[in-house]
Amino acid sequence: MIVKEILAKTVLSKSKVFDYAVNPYVGCEHRCAYCYARFIKRFTGHNEEWGEFVDVKINAAELLEREVKRKRVGRVWVSGVCDPYQPLEKRYELTKRCLEILSTHRWPVTIQTKSPLILRDLPVLRSFDDIEVGFTITTAEESVRRIFEPNTPSIEDRIRTLGRLRSIGVKTFAMIAPMLPKPEPLVLRLKGKVDRVLIDRMNYHYADSLYKLHNLQHASTDAFFAEKKKNLSNAFIREKIPFQFLY
Ligand code: SF4
(Lines give C-alpha, C1' and ligand atoms only; values in the text may rest on other atoms or scores of the structure.)
Protein backbone atom coordinates (compact mmCIF):
# COMPACT_ATOMS: atom_id res chain seq x y z
CA MET A 1 0.00 0.00 0.00
CA ILE A 2 1.45 3.34 -1.07
CA VAL A 3 0.26 6.20 1.12
CA LYS A 4 1.11 9.72 0.02
CA GLU A 5 0.28 12.97 1.76
CA ILE A 6 -0.78 15.59 -0.75
CA LEU A 7 -1.93 19.20 -0.78
CA ALA A 8 -5.27 19.40 -2.60
CA LYS A 9 -6.53 22.48 -4.42
CA THR A 10 -10.20 21.95 -3.55
CA VAL A 11 -12.22 19.52 -1.44
CA LEU A 12 -15.86 20.59 -1.73
CA SER A 13 -16.72 19.45 -5.23
CA LYS A 14 -19.99 19.42 -7.18
CA SER A 15 -21.79 16.08 -7.19
CA LYS A 16 -24.41 14.51 -9.45
CA VAL A 17 -25.88 12.53 -6.53
CA PHE A 18 -26.12 15.30 -3.92
CA ASP A 19 -25.23 19.00 -4.16
CA TYR A 20 -21.60 18.45 -3.19
CA ALA A 21 -19.14 15.71 -2.29
CA VAL A 22 -16.19 15.81 0.10
CA ASN A 23 -13.50 13.18 -0.47
CA PRO A 24 -10.63 13.57 2.03
CA TYR A 25 -8.77 10.67 0.37
CA VAL A 26 -7.96 9.65 -3.20
CA GLY A 27 -8.19 5.87 -3.37
CA CYS A 28 -9.60 3.34 -0.93
CA GLU A 29 -7.97 0.67 1.20
CA HIS A 30 -11.17 -1.38 1.15
CA ARG A 31 -10.29 -2.54 -2.37
CA CYS A 32 -13.76 -3.73 -3.44
CA ALA A 33 -13.44 -5.64 -6.71
CA TYR A 34 -16.48 -3.99 -8.29
CA CYS A 35 -15.66 -0.43 -7.19
CA TYR A 36 -16.62 2.16 -9.82
CA ALA A 37 -14.47 4.81 -8.11
CA ARG A 38 -11.34 3.37 -9.75
CA PHE A 39 -12.15 5.71 -12.68
CA ILE A 40 -10.40 8.33 -10.53
CA LYS A 41 -7.05 6.76 -11.54
CA ARG A 42 -7.45 8.33 -14.98
CA PHE A 43 -7.44 11.79 -13.44
CA THR A 44 -4.82 11.33 -10.75
CA GLY A 45 -2.08 9.55 -12.70
CA HIS A 46 -2.03 6.41 -10.55
CA ASN A 47 -0.71 3.25 -12.21
CA GLU A 48 -1.09 1.07 -9.11
CA GLU A 49 -3.93 -1.43 -8.74
CA TRP A 50 -7.12 -0.12 -7.13
CA GLY A 51 -6.74 -0.50 -3.36
CA GLU A 52 -2.93 -0.31 -3.53
CA PHE A 53 -2.65 3.47 -3.16
CA VAL A 54 -4.20 6.25 -1.11
CA ASP A 55 -3.44 9.94 -1.39
CA VAL A 56 -4.22 11.74 1.85
CA LYS A 57 -5.43 15.33 1.37
CA ILE A 58 -3.77 16.64 4.49
CA ASN A 59 -5.11 20.17 3.95
CA ALA A 60 -8.74 18.97 3.48
CA ALA A 61 -10.10 20.62 6.64
CA GLU A 62 -8.38 23.97 6.00
CA LEU A 63 -9.70 24.01 2.42
CA LEU A 64 -13.21 23.10 3.51
CA GLU A 65 -13.28 25.82 6.15
CA ARG A 66 -12.61 28.35 3.37
CA GLU A 67 -14.91 26.75 0.79
CA VAL A 68 -18.04 26.54 2.99
CA LYS A 69 -17.86 30.30 3.46
CA ARG A 70 -17.73 30.91 -0.31
CA LYS A 71 -20.34 28.41 -1.58
CA ARG A 72 -24.11 28.14 -1.23
CA VAL A 73 -25.27 25.71 1.47
CA GLY A 74 -26.22 22.29 0.06
CA ARG A 75 -26.22 18.62 1.01
CA VAL A 76 -22.75 17.11 1.13
CA TRP A 77 -22.03 13.47 0.30
CA VAL A 78 -19.21 12.10 2.40
CA SER A 79 -17.65 10.69 0.37
CA GLY A 80 -18.58 9.28 -3.06
CA VAL A 81 -15.27 8.08 -4.49
CA CYS A 82 -13.59 6.75 -1.34
CA ASP A 83 -14.73 5.34 1.99
CA PRO A 84 -14.43 8.27 4.43
CA TYR A 85 -13.85 5.79 7.28
CA GLN A 86 -11.25 3.59 5.62
CA PRO A 87 -8.52 2.50 8.10
CA LEU A 88 -6.25 5.52 7.42
CA GLU A 89 -8.94 7.78 8.86
CA LYS A 90 -8.07 6.40 12.28
CA ARG A 91 -4.67 8.07 12.01
CA TYR A 92 -5.46 11.21 9.98
CA GLU A 93 -8.96 12.14 11.30
CA LEU A 94 -9.65 14.17 8.15
CA THR A 95 -13.25 13.02 7.81
CA LYS A 96 -13.85 13.88 11.45
CA ARG A 97 -12.43 17.38 11.03
CA CYS A 98 -14.41 17.99 7.84
CA LEU A 99 -17.62 16.87 9.59
CA GLU A 100 -16.92 19.24 12.48
CA ILE A 101 -16.69 22.12 10.00
CA LEU A 102 -19.88 21.12 8.16
CA SER A 103 -21.74 20.81 11.45
CA THR A 104 -20.50 24.18 12.72
CA HIS A 105 -21.73 25.84 9.52
CA ARG A 106 -24.99 23.82 9.63
CA TRP A 107 -24.60 22.07 6.30
CA PRO A 108 -26.71 18.90 5.79
CA VAL A 109 -24.69 15.72 5.29
CA THR A 110 -25.11 12.18 3.99
CA ILE A 111 -22.29 9.84 5.01
CA GLN A 112 -21.76 6.54 3.23
CA THR A 113 -19.33 3.97 4.56
CA LYS A 114 -18.68 0.31 5.30
CA SER A 115 -16.83 0.90 8.55
CA PRO A 116 -17.77 0.96 12.26
CA LEU A 117 -14.93 3.46 12.72
CA ILE A 118 -17.70 6.04 12.28
CA LEU A 119 -18.72 5.33 15.90
CA ARG A 120 -15.56 7.14 17.04
CA ASP A 121 -17.26 10.35 15.84
CA LEU A 122 -20.61 10.04 17.64
CA PRO A 123 -20.31 13.47 19.31
CA VAL A 124 -19.92 15.27 15.97
CA LEU A 125 -22.64 13.15 14.32
CA ARG A 126 -25.01 14.10 17.14
CA SER A 127 -24.23 17.80 16.65
CA PHE A 128 -25.78 17.95 13.15
CA ASP A 129 -29.30 19.33 12.48
CA ASP A 130 -29.60 17.18 9.37
CA ILE A 131 -27.54 14.04 8.95
CA GLU A 132 -28.07 10.63 7.42
CA VAL A 133 -25.67 7.69 7.56
CA GLY A 134 -25.73 4.86 5.06
CA PHE A 135 -23.92 1.54 5.10
CA THR A 136 -23.29 -0.40 1.92
CA ILE A 137 -24.08 -4.08 2.51
CA THR A 138 -24.06 -6.08 -0.69
CA THR A 139 -24.77 -9.63 0.54
CA ALA A 140 -25.75 -11.46 3.71
CA GLU A 141 -23.04 -14.08 3.20
CA GLU A 142 -19.54 -13.53 4.64
CA SER A 143 -17.91 -15.89 2.13
CA VAL A 144 -19.32 -13.78 -0.72
CA ARG A 145 -18.20 -10.55 0.96
CA ARG A 146 -14.66 -11.90 1.28
CA ILE A 147 -14.50 -12.60 -2.46
CA PHE A 148 -15.67 -9.19 -3.61
CA GLU A 149 -14.73 -6.89 -0.69
CA PRO A 150 -11.59 -8.46 0.77
CA ASN A 151 -10.51 -5.57 3.00
CA THR A 152 -13.83 -4.48 4.43
CA PRO A 153 -15.42 -4.86 7.91
CA SER A 154 -17.76 -7.82 8.37
CA ILE A 155 -21.44 -7.68 7.50
CA GLU A 156 -22.37 -8.16 11.16
CA ASP A 157 -20.18 -5.21 12.22
CA ARG A 158 -21.90 -2.98 9.67
CA ILE A 159 -25.41 -4.00 10.70
CA ARG A 160 -24.57 -3.58 14.39
CA THR A 161 -23.21 -0.10 13.69
CA LEU A 162 -26.38 0.90 11.84
CA GLY A 163 -28.41 -0.25 14.83
CA ARG A 164 -26.25 1.74 17.22
CA LEU A 165 -26.53 4.91 15.15
CA ARG A 166 -30.29 4.62 14.81
CA SER A 167 -30.65 3.99 18.52
CA ILE A 168 -29.14 7.42 19.23
CA GLY A 169 -31.43 9.17 16.75
CA VAL A 170 -29.28 9.30 13.60
CA LYS A 171 -31.24 8.58 10.41
CA THR A 172 -29.83 5.46 8.75
CA PHE A 173 -30.11 3.63 5.46
CA ALA A 174 -28.61 0.54 3.88
CA MET A 175 -27.47 0.30 0.27
CA ILE A 176 -27.73 -3.22 -1.10
CA ALA A 177 -25.73 -2.09 -4.07
CA PRO A 178 -24.26 -3.54 -6.10
CA MET A 179 -26.31 -6.59 -5.15
CA LEU A 180 -24.17 -9.72 -4.81
CA PRO A 181 -25.38 -13.34 -4.34
CA LYS A 182 -27.51 -14.19 -1.28
CA PRO A 183 -28.96 -10.82 -0.22
CA GLU A 184 -32.35 -12.10 1.10
CA PRO A 185 -31.41 -12.70 4.78
CA LEU A 186 -30.46 -9.03 5.03
CA VAL A 187 -34.12 -8.05 5.23
CA LEU A 188 -34.69 -9.54 8.69
CA ARG A 189 -31.23 -8.56 9.90
CA LEU A 190 -31.80 -4.91 8.96
CA LYS A 191 -35.22 -4.70 10.58
CA GLY A 192 -35.31 -1.95 13.20
CA LYS A 193 -31.83 -0.72 12.25
CA VAL A 194 -32.57 1.37 9.16
CA ASP A 195 -35.08 3.98 8.06
CA ARG A 196 -34.91 2.83 4.45
CA VAL A 197 -33.08 0.56 2.06
CA LEU A 198 -31.88 1.31 -1.47
CA ILE A 199 -31.14 -1.55 -3.83
CA ASP A 200 -29.32 -1.64 -7.15
CA ARG A 201 -27.96 -4.33 -9.44
CA MET A 202 -24.36 -4.75 -10.52
CA ASN A 203 -23.85 -2.10 -13.16
CA TYR A 204 -20.12 -2.52 -13.75
CA HIS A 205 -17.85 -5.18 -15.24
CA TYR A 206 -14.76 -4.75 -13.07
CA ALA A 207 -15.55 -7.94 -11.11
CA ASP A 208 -16.44 -10.16 -14.09
CA SER A 209 -13.35 -12.33 -13.65
CA LEU A 210 -14.27 -13.00 -10.00
CA TYR A 211 -17.78 -14.10 -10.93
CA LYS A 212 -16.18 -16.50 -13.41
CA LEU A 213 -13.48 -17.74 -11.05
CA HIS A 214 -16.04 -18.60 -8.37
CA ASN A 215 -18.70 -19.96 -10.72
CA LEU A 216 -21.10 -17.18 -9.90
CA GLN A 217 -21.92 -15.95 -13.43
CA HIS A 218 -25.63 -16.66 -12.86
CA ALA A 219 -25.59 -13.88 -10.24
CA SER A 220 -24.82 -11.18 -12.79
CA THR A 221 -27.68 -11.97 -15.19
CA ASP A 222 -30.95 -10.09 -15.76
CA ALA A 223 -32.84 -13.19 -14.58
CA PHE A 224 -30.97 -13.17 -11.25
CA PHE A 225 -31.70 -9.50 -10.59
CA ALA A 226 -35.36 -9.92 -11.59
CA GLU A 227 -35.78 -12.85 -9.19
CA LYS A 228 -34.06 -11.00 -6.33
CA LYS A 229 -36.22 -7.95 -6.96
CA LYS A 230 -39.33 -10.07 -6.47
CA ASN A 231 -38.01 -11.86 -3.37
CA LEU A 232 -36.70 -8.73 -1.69
CA SER A 233 -39.79 -6.62 -2.51
CA ASN A 234 -42.05 -9.23 -0.90
CA ALA A 235 -39.83 -9.47 2.17
CA PHE A 236 -39.47 -5.70 2.66
CA ILE A 237 -43.25 -5.24 2.32
CA ARG A 238 -43.85 -8.07 4.80
CA GLU A 239 -41.44 -6.53 7.31
CA LYS A 240 -42.72 -2.98 6.68
CA ILE A 241 -39.29 -1.61 5.81
CA PRO A 242 -39.33 1.29 3.29
CA PHE A 243 -37.29 0.36 0.22
CA GLN A 244 -36.51 1.59 -3.26
CA PHE A 245 -35.11 -0.28 -6.22
CA LEU A 246 -32.84 1.70 -8.50
CA TYR A 247 -33.22 -0.77 -11.40
S1 SF4 B 1 -15.50 0.97 0.14
FE2 SF4 B 1 -16.52 2.04 -1.51
S3 SF4 B 1 -14.98 3.44 -2.34
FE4 SF4 B 1 -13.91 1.92 -1.11
S5 SF4 B 1 -13.26 0.34 -2.57
FE6 SF4 B 1 -15.24 -0.29 -1.67
S7 SF4 B 1 -16.79 0.49 -3.09
FE8 SF4 B 1 -14.87 1.56 -3.55
Next on the checklist: Please count how many residues of the stretch 36-92 are in contact with a strand residue (DSSP E or B) (Cβ under 7 Å, 6 or more places away or on another chain), of a type in the set (Ser, Thr, Tyr) and within 12 Å of the ligand (Cβ to nearest atom).
Outcome noted: 2
Checklist entry - Of the residues 139, 161, 104, which is over 13 Å from the mean Cα position of the chain (by Cα), of a type in the set (Val, Ile, Thr) and surrounded by fewer than 19 Cβ atoms within 10 Å (Cβ to Cβ)? => result 104
Next on the checklist: Just checking, does the stretch 37-51 include any residue being buried (at least 16 other Cβ atoms within 10 Å of the Cβ) and of a type in the set (Lys, Arg)?
Outcome noted: yes
Checklist entry - Within the stretch 11-26, is even one residue surrounded by fewer than 21 Cβ atoms within 10 Å (Cβ to Cβ), within 30 Å of residue 145 (Cα to Cα), within 11 Å of the ligand (Cβ to nearest atom) and of a type outside the set (Val, Ile, Thr)? => result no
Item to check | Hey, residue 147 in contact with a Lys or Arg (Cβ under 6 Å, 6 or more places away or on another chain), closer than 29 Å to residue 52 by Cβ and either in a helix (DSSP H, G or I) or of a type in the set (Gly, Ala, Ser) (or both) or not | outcome: no
Item to check | Flag if residue 45 is small (Gly, Ala, Ser) and either within 17 Å of the chain's Cα centre (by Cα) or modelled with pLDDT of 95 or more (or both) | outcome: no
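The values are calculated or read from the model by the stated rules, or taken from the named source; none is laboratory data. These figures come from a predicted structure and were not determined experimentally. All Cβ positions, glycine included, derive from the backbone under ideal geometry; neighbour counts span all protein chains shown.
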